[in-house]
1. Would you pick out the residues in region 110-123 that are away from the ligand (no atom under 16 Å from the Cβ) and buried (at least 16 other Cβ atoms within 10 Å of the Cβ)?
2. Does residue 34 satisfy the condition of being part of a loop (DSSP other than H, G, I, E, B) and touching a residue at least 12 places away in the same chain (Cβ under 8 Å)?
Ligand SMILES: [Cu+2]
């Protein structure tokens with residue numbers, strides 16, 4: 001029943017399916033092509049309503065337990081206390097030892113697969129807990145502080161302007177004293 005004409009279609013479908021699979025599996029950074037982060041909890045770029053007590057990263061390859069680092073930082077880039085990274089097969093995890101207030105966090109990881117090749121990266125996630133209504137969901141005071149720090153050049157221009165104003169006033173005072181002496 002299946003004539004020879006149906007073969008190219010099957011081949012083409014197969015090739016298309018393969019292309020999709022390759023596109024999904026091949027990571028954006030070819031340097032770490034050996035091993036990649038496959039899934040994470042909390043999910044990358046997600047917003048979770050309850051603070052996670054654990055960060056779990058699943059990779060494409062088995063990990064070397066001796067070289068797994070998972071670091072959690074808050075919006076102000078302060079390190080959030082966690083346990084040591086625990087490796088189980090292709091999974092690496094850390095326990096979050098403190099309750100996370102609402103805000104944006106970054107998970108950074110550096111692992112080495114059992115074939116000796118490293119993989120590293122980072123991703124953000126947001127905790128928007130309805131319990132901690134006192135704290136703003138995104139943009140903590142430390143956020144604003146760092147935003148102000150980033151406006152540093154503006155502040156230094158202001159300081160330079162003030163210094164210039166002091167010089168002008170002092171100069172004018174000298175000039176005024178001189179003209180009065182005459
Ligand atoms: Cu490798």
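Each value in this text was obtained by applying a stated rule to the coordinates, not by laboratory testing. The shown structure was predicted, so the numbers you read here are calculated from the model rather than taken from an experiment. Note: ideal-geometry Cβ built from the backbone for every residue, glycine included; neighbour counts use all protein chains shown.
1. First, the residues of region 110-123 that are away from the ligand (no atom under 16 Å from the Cβ): 122-123.
The one that is away from the ligand (no atom under 16 Å from the Cβ) and buried (at least 16 other Cβ atoms within 10 Å of the Cβ): 123.
2. Taking the combined requirement at face value, the residue satisfies it.
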